[in-house]
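Written below as structure tokens is the structure these notes are about.
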Amino acid sequence: MTIFPPDPDFEALRLELARLRAAQGWSYDELAARSGLARRTLIEIEQGRTLGTLKTWHALAHTLNTPLDELFGTLCEGHEPPGSTDADL
């Protein structure tokens, strides 16, 4: 029997990006200037039209001063992240 992992919550990831950007009080233009990413890329990620690359998310995490593992932790919203067990609690 094959056990498949739960689907990642990409909606939570994009909403976390929007939340972090808003918490800084930055527009798309400001985040683009600070991260070196295209404004259009940021808009498309936040609106769910593209996922972006790992390199893109790495740049965003650094720009927003957020650990990449914390940012990507939102992908596990609603289910246990890998490696979590009752023994960890």
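The values are calculated or read from the model by the stated rules, or taken from the named source; none is laboratory data. Just so we're clear, the structure is a prediction, and the values are computed from it rather than from any experiment. Every residue, glycine as well, gets a Cβ built from its backbone with ideal geometry; the counts of neighbours run over all protein chains shown. Ligands, DNA and RNA are stripped out before the accessible areas are found, and what is left, the full protein with its side chains, is counted by its heavy atoms. Shrake-Rupley method; radii C 1.70, N 1.55, O 1.52, S 1.80 Å.
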Based on DSSP H runs of at least 4 residues, each adding -39500 (n - 2.57), what is the mean residue ellipticity at 222 nm of the chain after dividing by all its residues, to the nearest 500 deg cm²/dmol?
-> -14500 deg cm²/dmol
What part of the accessible area of the chain, given as a whole %, is carbon or sulfur when the probe is 1.4 angstrom?
-> 54
Whole number in Å², please: accessible area per residue of the chain, 1.4 Å probe, ligands, DNA and RNA not counted.
-> 68
Hey, got the dipole for the chain? About the Cα centre, +1 on K and R Cβ, -1 on D and E Cβ, debye to the nearest 20?
-> 620
Can you list the residues, at least 5 places off or on another chain, whose amide H is less than 5 Å from the amide H of T50, using H built in the peptide plane?
-> I45
Evaluate the stretch 28-89: find the radius of gyration of its Cα atoms, find its Kirkwood radius, and give the ratio Rg to Rh.
-> 1.08
